[in-house]
Amino acid sequence: MKKFILSRLLQSIVVVWLVYTVTFWLLMATPGDPFIGKKQPPPAVLAALRQEYHLNKGDFHAYLAYGWQVLAHGNFGPTISYANWTVLDVIRNSLPVSVALGSMALLIALWLGVGAGVLGAVFRGRWPDMALTVGTLLGISLPTFVIGSGLLMLLAVETSLLPSGGWGTLRQLILPAFTLAVPFLAYISRLSRASTLDVISADFVRTARAKGLSPMKVIAGHVLPNASIAVLSYLGPATASVLTGSFVVEKIFAIPGLGEVFVNACLDKDIPLVLGIVLVYTVILVLMNLLVDIASAMADPRIRL
Amino acid sequence: MIPSLVLLLVGAICFYISTPHRLGRGAINFCEAGQIHTLDPDKMTWMQDIRVAMGLWEGLAQYDPKTLQPIPGVAKSWTISPDGLIYTFHLRHNARWSNGQQVTSEDFLFAWKRILHPSTAAGYVTMLFHIAGARPYFNSLAAHPRHHKPFSSVGVKAPNPRTLVVTLTHPCGYFLSLMAFPPFFPLNPAAMARFRTPEHGIASAHYNPRWTRPPYLVSDGPYYLAAWKFHQYLELRPNRYYWDRRAVRCTTLYVRNFPDTQSAFLAYQSGAVDVLSFVPPRFAPALLRQQRLHLRDDVHYLPVFGSYYYNLNCRHKPLNNPLIRRALDMAIDKQAIVKHILRVPDRPLEVLVPPDSIPGYHSPRGLPMDIAAAQKLLAQAGYPGGRGLPIFKFLTNSGAAMNIRIAQAIAEMWRKNLGVRINIHEEESKIFNQDVVHGHYDIARAGWYGDYMDPTTWLDLFRTGNPNNLTGFSNRRLDQLLHQASRQADAARRLALLHDAEKLLVTRWMPAIPLFQYSDGLMYNPKRIGGLATNIRMITLLKYIHWIQQPLPTVTEGRR
């Protein structure tokens, strides 16, 4: 186990470096100049700006300079579009928003998804299963901006039951978290339905029933733990996509999260900010996958690390 | 079970640290159109930054909220020498910083020296070039950072802490109104000292940008910066040391912003925001209709000091021929564009400088729409019926649906009226700006908001050598007229020269096709909020904003 974790961590360093390199050169290959806006400053001012952001001595110099800054100071320096904030400041302020929204969404997706999946498996082929299948199909195929705008119109604009957006109260969290959860919820419910069906017909479940356990106890005690391993391994990638995919939801509900900052940074060609956010996302993804591997090994003795 | 507990815990912690913990009671929520980019007055160029800076700082002068004429600010009075070159400002004894220190003339010297340093990278540094010796000082620093001219060569002197003497290179009628603009604001040297970053070179004027963040930011205006939550809000509270403290009646002001104008408008409709610093373009036609029918009274909409036009690339054939450029202008039905595409009462333009906006300046008459004349001009240029002309590359930036619709309408007018064809390219703003600056276009959409109340804020765009001259237009006569105007001490004669220059631009040379004057405005309930005035430059002074009648807590706000 220790050896496994160590080797995975070493691999992660290489992955992070590769991601940094690819992102940097992709950024350099895209057209657009971060310092050319609507109003053109004198050439001396442009030169000073390029120097401040290490962009005055060619691309390779910038590649080394930013890499060194991260290694030596753990920071990318000030951002280009929000010059009073460093990349670290921006991430420190915006990441918690996205993480709070994302974890609430995952929580909703996990509980409702597994619940729906087990329900579907138990009532296999009967009307609750049919209804859930249609529901999950809709959930997977409808894009979040349709679901989000629909919920917004219905619950915030027409009926004023919930606030239309913003950040700061729990009530403001409900709509966006649910919207963000829908596709994951649908996927998790399909996943857990399939694995529940696998487990439900297994010998040990028949034995449990034969012992005279109530159906509820069989499901909760024997089926659910075994069926949830598939869901568990999905949580790693789901965490990553819930964080990177929250952009649309953040935009619809006016949430000051990292997704919106990231997309705008790409459009503004804010090189340090894009690099910083990509690296943070990479680290999160790598760590989540590692955690999920360890958790699956603990939950299922058949998996050896 | 364990994953859900972990999720719950992580979510709760992150939610707790990312949300504001206290929100002042009785606060006014002011919504800006865009994110605040910087609060460094020397570096700002965005309208929202400038608006907030005018609430935090005060220059030698400040604006009258209605007329925008300069009125005494930190300076209680001033005298101007008869030749219009020497300005002597007398600072008031009770002008104080938000930390209680006195505002002295040295603070202005410190700030102006900093902005004139190229390493400060100030976007509006050219505004200071009216001051004698400022341009040579800046250029010498850029060329020889170690052996540059001394700052004493710049025409700013502080004979005593209460007096500031400024010498200009040439008379400048709008110099006083520049004194109320952020690049000329004073800075507090003591508060900034700890943020100096010597690693950028001893000669550099570089500061760690954190100096603009609370609690470090010290300002001398109506408010001080109490809090700044990234991408969420800025909290402004009255500066108790401000000399005109009694005029500031708002106890807490939140400056907020939303990712797009629609969610901002939703927040406004639901009462979460009290003032919108814009009228959302998508809803503007409907809102204005409701206002006309007296169904609402919160839309404050007016023509502003900005114009929408098309740049024509004058560097290459065939657009280097003014006949073709004039033909293109005369074949456009600008009235139809305003009426059918914009659907708001914007004003079509024949000229570049918005008419009737600058006191004492009379706009020339531009070219009317005249299809027969346009066809004749094109034939005269050697392209009868558009035959032989290449397909022009038309560039516009993405982000506003209006740009494409206008371009399509004009493309159709040109095709039908002149036989001229264009290819419309829509590009991301950053790429669009780069292509336009490098001249990779034939025709490009452009918009310009005047930075000061003078025709030169537009006319300079076509001067040879100006970095903002994007058309590549170069004409000795225009350069001469602009030069003569800059040497002219008599204001009326100077404006007459500029009138001639604009007349030649819009009737003969036509390096850009004016289309319409922008309109914009504010949204607020005038029965509840007072102290806001709309003006042509959209400079909304936060200083005077106050409640007339505070609203009861609404459903969405009540549980905070």
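Quick look at the values:
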item	result
Within the stretch B:319-366, tally of residues that are small (G, A, S) and either open to solvent by 20 Å² or more (accessible area, probe 1.4 Å) or farther than 14 Å from B:P514 by Cα (or both)	4
Residue count for the stretch B:233-271, restricted to those that are part of a loop (DSSP other than H, G, I, E, B) and open to solvent by less than 20 Å² (accessible area, probe 1.4 Å)	6
Of residues in the stretch B:35-47 being within 18 Å of B:M192 (Cβ to Cβ) and more than 10 Å from every other protein chain (Cβ to nearest Cβ), the one surrounded by the most Cβ atoms within 10 Å (Cβ to Cβ)	B:P41
Residues satisfying the stated conditions in the stretch B:428-453, i.e. over 14 Å from A:K38 (Cβ atoms) and open to solvent by less than 60 Å² (accessible area, probe 1.4 Å)	B:G439, B:Y441, B:D442, B:I443, B:Y452, B:M453
Those residues of the stretch A:83-107 which are outside any helix (DSSP H, G or I) and more than 7 Å from chain B (Cβ to nearest Cβ), in sequence order	A:T86
Residue match in the stretch B:264-276 (condition: touching a helix residue (DSSP H, G or I) at 6+ places or on another chain (Cβ under 8 Å) and under 30 Å from B:K376 (Cβ atoms))	no
Long-range neighbours under 7 Å by Cβ, at least six apart or interchain, first residue over 18 Å from B:V103 (Cα atoms) within the stretch B:207-233, second basic (K, R) and modelled with pLDDT of 95 or more	B:A226/B:R237
Residue selected from the stretch A:295-305 under the condition open to solvent by 30 Å² or more (accessible area, probe 1.4 Å) and of a type in the set (A, V, I, L, M, F, W, C), by the criterion nearest to the other protein chains (Cβ to nearest Cβ)	A:A295
Any hit, the stretch B:334-356, residues being outside the structural domain of B:P390 (by TED's automatic domain parsing), part of a helix (DSSP H, G or I) and in contact with a strand residue (DSSP E or B) (Cβ under 7 Å, 6 or more places away or on another chain)	no
Residue satisfying all of: in the stretch A:156-167; open to solvent by less than 50 Å² (accessible area, probe 1.4 Å) and not small (G, A, S); nearest to the other protein chains (Cβ to nearest Cβ) among these	A:P163
Selection from the stretch A:36-62 of residues that are open to solvent by 20 Å² or more (accessible area, probe 1.4 Å), touching a residue at least 12 places away in the same chain (Cβ under 8 Å) and part of a loop (DSSP other than H, G, I, E, B)	A:H54, A:L55
The stretch B:88-106: number of residues that are outside any loop (DSSP other than H, G, I, E, B) and open to solvent by 10 Å² or more (accessible area, probe 1.4 Å)	5
Selection within the stretch A:1-22 - within 22 Å of the chain's Cα centre (by Cα) and among the aromatic types (F, W, Y)	A:W17, A:Y20
Residue match in the stretch A:83-93 (condition: at pLDDT below 90 and surrounded by 18 or more Cβ atoms within 10 Å (Cβ to Cβ))	yes
Unmet criterion (only one of (1) surrounded by 23 or more Cβ atoms within 10 Å (Cβ to Cβ); (2) more than 14 Å from every other protein chain (Cβ to nearest Cβ); (3) among the aliphatic types (A, V, I, L, M)) for B:L288	(1)
Restricting the stretch A:63-74 to residues that are more than 12 Å from chain B (Cβ to nearest Cβ) and under 26 Å from B:D40 (Cα atoms), the residue that is least open to solvent (accessible area, probe 1.4 Å)	A:Y66
Among the candidates B:T457, B:T396, residue that is within 30 Å of B:P70 (Cα to Cα) and either assigned to a helix (DSSP H, G or I) or in contact with a strand residue (DSSP E or B) (Cβ under 9 Å, 6 or more places away or on another chain) (or both)	B:T457
Residue count, the stretch B:175-193 (criterion: touching a residue at least 12 places away in the same chain (Cβ under 8 Å) and open to solvent by 20 Å² or more (accessible area, probe 1.4 Å))	4
Pick from the stretch B:485-499, criterion at pLDDT 95 or above and in contact with a helix residue (DSSP H, G or I) (Cβ under 6 Å, 6 or more places away or on another chain), ranking: surrounded by the fewest Cβ atoms within 10 Å (Cβ to Cβ)	B:L497
Some residue of the stretch B:195-211 being more than 14 Å from chain A (Cβ to nearest Cβ) and part of a loop (DSSP other than H, G, I, E, B)	yes
Residue that is within 27 Å of A:G166 (Cα to Cα) and surrounded by fewer than 17 Cβ atoms within 10 Å (Cβ to Cβ), where the choices are A:S246, A:S241	A:S241
Hits in the stretch A:257-283 (condition: under 19 Å from A:T239 (Cα atoms), within 13 Å of another protein chain (Cβ to nearest Cβ) and open to solvent by less than 40 Å² (accessible area, probe 1.4 Å))	A:G257, A:L258, A:G259, A:E260, A:V261
Only listed residue being crowded, with 17+ Cβ neighbours inside 10 Å and within 14 Å of another protein chain (Cβ to nearest Cβ), chosen from A:G148, A:G139, A:G115	A:G148
Subset of the stretch A:143-159 [of a type outside the set (A, V, I, L, M, F, W, C) and within 16 Å of A:V248 (Cα to Cα)]	A:P143, A:T144, A:G148, A:S149, A:G150
Of the criteria (1) under 21 Å from B:W243 (Cβ atoms); (2) free of Cβ contacts under 8 Å to residues at least 12 places away in the same chain; (3) under 20 Å from the mean Cα position of the chain (by Cα), which one B:I71 fails	(3)
Residues located in the stretch B:493-522, provided they are polar (S, T, N, Q) and at positive phi	none
Residue among B:F305, B:F258, B:F278 that is within 14 Å of another protein chain (Cβ to nearest Cβ) and either of a type outside the set (G, A, S) or on the phi > 0 side of the Ramachandran plot (or both)	B:F258
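Table: residues versus (1) aliphatic (A, V, I, L, M); (2) open to solvent by 10 Å² or more (accessible area, probe 1.4 Å); (3) within 19 Å of B:V218 (Cβ to Cβ); (4) in contact with a His (Cβ under 6 Å, 6 or more places away or on another chain).
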residue: B:A33; (1), (2), (3), (4): yes, yes, no, no
residue: B:D49; (1), (2), (3), (4): no, no, yes, yes
residue: B:W57; (1), (2), (3), (4): no, no, yes, no
residue: B:F108; (1), (2), (3), (4): no, no, yes, no
residue: B:K113; (1), (2), (3), (4): no, yes, yes, no
residue: B:G133; (1), (2), (3), (4): no, yes, no, no
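The values are calculated or read from the model by the stated rules, or taken from the named source; none is laboratory data. Predicted model only: the values in this text are computed from it and were never measured. Methodologically, a virtual Cβ is constructed for each residue, glycine included, from the backbone with ideal geometry; neighbour enumeration extends over all protein chains shown. Just the protein is used for accessible areas: all its heavy atoms, side chains included, with ligands, DNA and RNA removed. Shrake-Rupley method; radii C 1.70, N 1.55, O 1.52, S 1.80 Å.
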